[in-house]
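Below is one structure, written out as structure tokens; comments come after it.
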């Protein structure tokens with residue numbers, strides 16, 4: 001059974017940093033691209049960042065380029081999202097999802113339950 | 001990275017069919033066959049319903065179907081059931097410069 005468990009969310013002040021983690025199990029992690037998606041309080045979804053299984057390619061939304069960094073540790077079956085210079089507009093539930101990239105036809109076939117990031121003073 | 005356009009709401013009675021549209025541009029929906037659809041019940045993880053415009057993952061009922069014409073993709077839910085009531089989001093690859101985009105979401109109500 002595929003499981004994705006996000007952690008690391010919380011309350012942070014504007015300008016601060018957080019690192020999200022996503023522990024994956026139930027599939028061969030190194031084979032698949034992985035993606036972070038966020039859902040804003042108004043319910044809209046946004047692709048945040050994606051990375052291929054071998055970490056050779058990455059993609060970022062314009063809204064986070066230069067501030068967020070996606071990475072993965074295939075030895076630990078874990079995906080990360082380092083978020084710096086956080087803004088109020090980054091407040092959202094962050095989902096980790098399996099897929100993303102051409103090998104999965106840009107489809108996300110499993111999602112975690114999400115972790116809430118709140119940026120506020 | 002502009003969002004794809006979906007109607008905010010749709011509804012139908014049990015047993016009926018409903019179609020949700022997703023309009024983009026030639027740079028996303030119209031330019032690639034990488035359209036997917038997701039069902040989201042609040043408080044639960046989103047679920048992939050359709051990928052590559054019209055393919056269903058294993059376990060998704062054939063009551064759900066997808067199609068595309070030009071810059072508009074569509075999700076049709078036939079034989080509506082109470083559990084189909086949820087938010088539905090479309091998504092499309094948008095090219096190497098624009099990554100990927102979601103639609104704004106459609107709340108499907110089963111009357």
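No lab work stands behind these numbers, since they all come straight from the coordinates. Fair warning: this is a prediction, and the values are worked out from it, not measured in the lab. Counting neighbours? That spans all protein chains shown, and the Cβs are built from the backbone with ideal geometry, glycine included.
Things to note:
- Of all residues in region A:99-118, those satisfying the criterion of being in a strand (DSSP E or B) and under 11 Å from the mean Cα position of the chain (by Cα) are A:111, A:115.
- Of the strands (runs of 3 or more DSSP E) entirely within chain B, those holding at least 3 residues that are farther than 23 Å from residue A:63 by Cβ and within 13 Å of chain A (Cβ to nearest Cβ) occupy B:47-50.
- Scanning region A:52-66 for residues that are crowded, with 18+ Cβ neighbours inside 10 Å and within 14 Å of another protein chain (Cβ to nearest Cβ) yields A:52, A:59, A:60, A:61, A:64.
- So residue A:114, is it buried (at least 23 other Cβ atoms within 10 Å of the Cβ) and within 10 Å of another protein chain (Cβ to nearest Cβ): no
- Of all residues in region A:78-98 being more than 14 Å from the chain's Cα centre (by Cα) and assigned to a loop (DSSP other than H, G, I, E, B), the one that is surrounded by the most Cβ atoms within 10 Å (Cβ to Cβ): A:86
- Which listed residue is surrounded by fewer than 18 Cβ atoms within 10 Å (Cβ to Cβ) and not in a loop (DSSP other than H, G, I, E, B), from A:69, A:35: A:69
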